[in-house]
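The values are calculated or read from the model by the stated rules, or taken from the named source; none is laboratory data. Just so you know, these numbers come straight off a predicted model, no measurement behind them. Reconstructed Cβ throughout: ideal geometry from the backbone, glycine too, with neighbour counts over all protein chains shown. Remember, those area values only see protein heavy atoms, side chains included, never the ligands or the DNA or RNA. Shrake-Rupley method; radii C 1.70, N 1.55, O 1.52, S 1.80 Å.
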Amino acid sequence: MPKNPPPPPGPPDPPDASAAREAPPEAPAGTPPDHISRIQAAWARERPDLDVTPQAVIGRLHRLGALLTDRLCVVYRRYGLSEGEFDVLAALRRAGAPYERAPGELAAHTMVTTGAMTKRIDRLERDGLVTRRRSATDGRGRVVALTDAGRDLIDRAFTDHMRNERTLLDTLTPQEATQLESLLTTWLSRVEPPHSTP
């Protein structure tokens, strides 16, 4: 009698997904796990089939960005400004004399919609920091320009802002800061679309 053919091989055993994933890195000796480490460890436990290692970088950048923004806004509020209003005044100041830009140009420089920009300009104009007028270089167009009071305020606020940024950055060594700048510059160049609005 012919022998029955052997049964076809079944599907291979699934690999151990958790073994294929890298465990979240441990904090340096003597350093308690931070907020992101705890979140990452919880997800690694609950979803061992997923690679949660990106959280170590993305999560910390997101949290650091929020913490830095809180610290930066302390200075803005000292001068009676919101973050967005500071951005508008700074964009006008760094344009150079006569310190003016078209509203659409301001929106592009500060990466907000024209509607949001209009509200910011309204508030700044009400406070006497900017004015809407005809362009000094193109009489056909309307521009937003710094007033003398606006220029004085942003000069003082920006000086304080740079001191604040230096204090925040000085929590790193000069070598760490240089390495971080290089890494962030490289990463940003690969993610952000090209633009020409300083």
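When you take every Cα atom in the stretch 87-157, what is the radius of gyration, and what is Dmax, the widest Cα pair distance, in Å?
Calculated on Cα positions, Rg and Dmax stand at 11.0, 33 Å.
Treating each Cα of the stretch 46-114 as an identical point scatterer and ignoring solvent, apply the Debye formula and state log10 I(q)/I(0) at q = 0.27 Å⁻¹.
After summing over all Cα pairs, the log10 values are -1.12.
Order of 54-63, 169-178 by packing, highest average Cβ count within 10 Å first?
54-63, 169-178
With a 1.4 Å probe and every protein chain left in place, tell me how much accessible area ARG71 has, in Å² to the nearest 10.
Counting only protein heavy atoms, ARG71 exposes about 120 Å² to solvent.
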